[in-house]
Each structure stands twice: as C-alpha cells, then as structure tokens.
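One structure is given here, and the rest of the page talks about it.
The values are calculated or read from the model by the stated rules, or taken from the named source; none is laboratory data. Please read these numbers as outputs of a predicted model, since none were measured by experiment. Note that we place each Cβ from the backbone using ideal geometry, even for glycine, and neighbour counts take in every protein chain shown.
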Amino acid sequence: MSRAPEVDFHPYDPGFAADPYPVYARLRAESPVFYSAETRLTLFARHDDVRTLVLDGRLGRSMDHVTPPEALAHRRREAGSERLPNYSRYVRVNLLETEGADHARVRRLVAAAFGPRRVRELRHSVCALVQHLLEERMQDRRMDFIADLAAPLPVHVIAELLGWPPHERHRLRPWSAQIVRLYDQLLAMTPGPVVALNRAVAVAEIDGPEAALAIVEALRGAEVEDYYLFHAISADLLRRAGRTADAAQAYEAAIERTANARERDFLQRSLEALTRS
C-alpha cells in the first residue's frame with residue numbers, strides 16, 4: 001500500500017498554535033493529503049475530503065472495534081496505557097472515542113437526554129440559573145464573566161440534564177480536581193513547559209489563580225516564555241488575582257509576541273478593559 005507524500009508539519013510547535021492559518025492555507029493549496037512523521041498519521045487538509053471521510057461508515061474515530069484483540073492489547077502496551085489506568089479506561093468508554101456497537105450502546109443511553117424536546121424544556125431553568133448567577137454578583141457591581149458565569153453555567157446545565165440533585169452538585173468540583181491529577185501524571189511521563197502550562201490552567205479552575213501563578217512563575221526562563229500564550233495566561237491569572245499592573249504588563253508582552261491579528265485584537269481589548277476597570 002502506497003503512503004501519502006510526507007510533509008514537514010509540526011502541530012505541537014508554539015508558533016503553529018499562535019497562528020496556524022497560513023500553514024492550513026499552504027496545506028490546502030499544495031498538500032491536501034499528506035503524511036506527518038510527527039503525528040504518524042495521514043492527514044487531509046480540505047473540507048470536502050474530510051466530510052467524505054466523516055460520512056463513510058467504514059471509518060471511525062479509531063479502529064479499535066475492528067482490530068484483533070491481540071493487536072489492540074499490544075498497541076496499548078506499547079503506548080504505556082497501563083501507566084495511566086484511570087485515563088486509559090476513561091478513553092475506552094468515552095462516547096466520543098468509541099466506535100461500532102459500543103458507540104451505539106452508549107449513544108442510545110444519552111440520546112433521550114439530549115434530544116430537541118428535552119433541550120427546549122431546559123430553557124426556563126437555564127434562564128433562571130443565569131439570573132441567579134448574575135444576581136449573586138450584583139452586590140459587588142463587578143464580575144469575572146468566565147469564572148462567575150461561563151464556567152459554572154454549563155456544569156449546572158449538564159447536571160440538570162443528567163438529573164443530578166442540586167444539593168449534591170458540589171461534588172462536581174472535587175471530581176474536576178482529578179483532571180488536574182491526570183495532568184500531574186502526564187507531566188511526569190512527558191515533562192515539558194507546555195504540559196506544565198496546561199496544568200496551570202486546570203489548577204486555576206480548582207485552586208484559584210494564585211496557585212496557578214506559582215506554576216507559571218516557575219516556568220520563567222524556559223523556552224515557553226517566548227510563547228505568547230505563556231504571557232496571555234499569566235495576564236488572565238494576574239487579572240483574576242487582582243494584580244492589575246502586573247496583568248497589564250503581561251498583556252503587553254503577549255500582544256508583542258503574537259503574530260495572529262485576531263489574537264492581538266482580543267488581547268488588546270482585554271488590556272483596554274483592564275485599564276478601564
């Protein structure tokens with residue numbers, strides 16, 4: 001079987017993350033089907049090709065459902081799945097990661113909860129929840145849109161969909177902390193500043209911005225310090241911690257380092273909003 005031509009493609013490079021669109025345009029124009037040695041995958045760059053593949057019932061998110069058990073067990077051993085048993089199990093039972101009969105079985109279980117009628121029925125409770133979250137912040141006359149509304153809202157809506165009792169929803173936060181522990185294990189297996197930066201974002205949602213800032217500050221001097229997202233994440237954490245002057249400096253550093261015009265505009269608006277507050 002012939003292989004697609006290999007292309008120099010580095011999806012994990014910070015420069016690509018900062019502005020991937022020129023690379024995408026070049027791939028669409030010059031290499032619509034190519035092999036990436038870094039990902040060890042054959043990739044498709046054009047929408048029509050991707051759509052055709054997605055709609056082809058012979059293909060799927062993974063090929064585990066048609067892989068012989070011995071080969072599947074060998075591949076998981078090679079990938080070191082036993083080193084992260086809880087994460088490995090989560091991936092194997094996740095609706096988005098399964099195919100074939102396993103996918104159909106799990107999808108049938110959740111289909112009723114996410115049907116159009118059920119979603120329409122949630123309208124009143126979602127509106128009431130938004131009102132409640134806003135009223136909680138009214139007395140302070142200021143709010144963090146992400147932390148005070150955007151982050152808790154979907155958690156409560158999902159809990160409502162699943163019929164989770166309101167008096168037990170406080171358990172969701174400790175469970176989220178387990179995600180951070182997965183980052184801890186990932187960091188131990190593949191240490192690096194980008195993984196550590198991702199871990200800091202997760203820690204901020206569990207332990208607050210100050211705890212996350214300690215992780216970010218420890219990364220200073222590493223190659224990630226030239227990465228605009230290092231400074232953008234620092235700025236957001238500093239803003240949430242009330243350190244306005246430091247946050248402004250971090251926003252300026254992020255603006256200076258990004259090559260993406262949309263990201264620059266967003267960061268500039270964030271900086272202007274910070275200085276107005």
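In the set (1) modelled with pLDDT of 75 or more; (2) of a type outside the set (F, W, Y); (3) under 22 Å from the mean Cα position of the chain (by Cα), D56 fails one condition alone, (3).
Scanning the range 129-149 for residues that are surrounded by 10 or more Cβ atoms within 10 Å (Cβ to Cβ) and over 23 Å from A204 (Cα atoms) turns up L129, Q131, H132.
Results for (1) loosely packed, with under 12 Cβ neighbours inside 10 Å; (2) modelled with pLDDT under 70, shown as yes or no for each residue.
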{"position": "P5", "(1), (2)": "yes, no"}
{"position": "D8", "(1), (2)": "yes, no"}
{"position": "R40", "(1), (2)": "yes, no"}
{"position": "R46", "(1), (2)": "no, no"}
{"position": "G60", "(1), (2)": "no, no"}
{"position": "E78", "(1), (2)": "yes, yes"}
{"position": "Y87", "(1), (2)": "no, yes"}
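A Cβ distance below 7 Å, combined with a sequence gap of six or more or placement on separate chains, defines the contacts here; from the range 35-60, residues that are more than 25 Å from G100 (Cα to Cα) and in the same structural domain as P5 (by TED's automatic domain parsing) reach residues that are of a type in the set (F, W, Y) and in a helix (DSSP H, G or I) in the pairs A45/Y24. It is to be established whether one or more residues within the range 156-167 are in contact with a Leu (Cβ under 7 Å, 6 or more places away or on another chain), under 25 Å from G242 (Cα atoms) and at pLDDT 80 or above. No.
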